Amino acid sequence: MTRPLPAAILFSGTGSNLVAIASKVASGQLPLDLRLAASDRADAPGIARAAGFGIPTAAFPTRDYPSRAAHEQALGDAIDAAGARLVILAGYLRIFEPGFVARYAGRLINLHPSLLPAYPGLHTHERALAAGETMHGSSIHFVTSELDGGPLIAQARVAVRAGDTPDTLGARVRAAEHVLYPAVLEWYARGWLTLVGDVVHLHGLPLAAPVSTVGQDP
Ligand code: GRF
């Protein structure tokens, strides 16, 4: 049996991915030891949801710190004090300074709601619909200092339907994320997924292209 990997999860909002991940951990299907759930927003609904799973929670409002660097230093210190070896970004809406990214090189994984490199940044569902895309989805990647530009691990592809709105499309993207993100984290927790330089390796071999799935419609 794999010894659970100590991890921290960071979020800013509702935390539906946090719930998907914590549920898999609670049911023994994902060998992570969630030691800290941290948010940059004291009012993030995800805090109560994390507490409901018995995960220690903490809020780090940016206004409590004199600079971005000080904020990220405090966050990193809490992550390290918790003994976390992996940092999971699940809807964490802040961009890190290079110092934080370097501190967690190869141990910082993000989820972004588009098929990167398409649509980095915000409002991805709106932008994909406005552009008339037929496929949209979500990407999981190691974080580097380039915004939404780190090495891709996996992508969940979701077909755009006639009449989709950002909300309906976004709901299907989220449902696909709830399946794919725990799976990718399991690969990491079991030591199958690594970052070597800036190349993603799975089972010791460089990944030629991100693992791609087609999301199941809920
Ligand atoms: C997800 O769609 C994720 O791709 C993006 O933010 C959203 C977070 O949703 N980074 P939730 O808070 O997990 O519900």
In whole Å, largest first, the alpha carbons of the range 107-149 cover along the principal axes 35, 14, 13
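Would you please classify the overall shape of the chain from the alpha carbon gyration tensor, given that a ≥ b ≥ c denote the square roots of the eigenvalues, rounded means a/c under 1.5, and beyond that prolate means a/b larger than b/c while oblate covers the rest?
Taking the square roots of the gyration eigenvalues as a ≥ b ≥ c, the chain is rounded.
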Hull surface over four for the Cα convex hull of the range 169-218, reported in nm², is 4.1 nm²
Expected max-MSF residue from LEU115, LEU207, LEU180 in the GNM of the chain (alpha carbon, under 10 Å) is LEU207
Residue-normalised value, i.e. accessible area per residue, for the chain at 1.4 Å probe, in Å², stands at 46 Å²
Rg (one decimal) and Dmax (whole number) from the Cα set of the range 1-104, in Å, equal 13.2, 44
For the chain, the percent of accessible surface on carbon and sulfur atoms (probe 1.4 angstrom, ligands and nucleic acids excluded) is 56 percent
Taking Cα atoms only, helix 68-81 is inclined relative to the longest principal axis of the chain by an angle, in degrees rounded to 10, of 70 degrees
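Figure the gain on full extension for ALA130 and SER145 (residue separation times 0.36 nm, minus the Cα-Cα span) and round it to one decimal in nm.
Result: 2.6 nm gained on full extension.
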At the level of C-alpha centres, the distance separating the range 93-125 and the range 147-166, in angstrom, is 14 Å
For the range 115-218 the GluC sites (Glu not before Pro) that pass both the DSSP coil test and the at-most-14 other-Cβ-within-10 Å test are GLU146
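Can you give the Kirkwood hydrodynamic radius of the range 85-185 from its Cα pairs, in Å with one decimal?
Here the Kirkwood hydrodynamic radius works out to 13.9 Å.
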The helix 166-189 Cα axis meets the longest alpha-carbon principal axis of the chain at an angle in degrees, between 0 and 90 and rounded to 10, of 50 degrees
Quick calc, the chain, dipole around Cα centre from Cβ unit charges on Lys, Arg (+) and Asp, Glu (-), nearest 20 debye, gives 400 debye
Percent relative contact order for the range 1-104, counting Cα pairs under 8 Å at least six residues apart, stands at 37 percent
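Can you give the % of DSSP beta bridges in the chain that are antiparallel, to the nearest 5?
The antiparallel fraction comes to roughly 45 percent.
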Mean-square fluctuation maximum in Gaussian network of the chain, Cα pairs under 10 Å, restricted to ARG35, ARG127, ARG107, hits ARG127
Computed over the chain: longest principal axis from alpha-carbon atoms vs helix 16-26 long axis, angle to nearest 10 degrees, is 60 degrees
Taking Cα pairs closer than 8 Å and at least 6 residues apart, the relative contact order of the chain in percent is 19 percent
Mean-square fluctuation maximum in Gaussian network of the chain, Cα pairs under 10 Å, restricted to ALA59, ALA81, ALA90, hits ALA81
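The values are calculated or read from the model by the stated rules, or taken from the named source; none is laboratory data. Given the structure is predicted, the values throughout are model-derived calculations rather than measurements. No Cβ is skipped: glycine too gets one built from the backbone with ideal geometry, and neighbour counts run over all protein chains shown. Accessible surface is based on the protein model in full, side chains and every heavy atom, while ligands, DNA and RNA are left aside. Shrake-Rupley method; radii C 1.70, N 1.55, O 1.52, S 1.80 Å.
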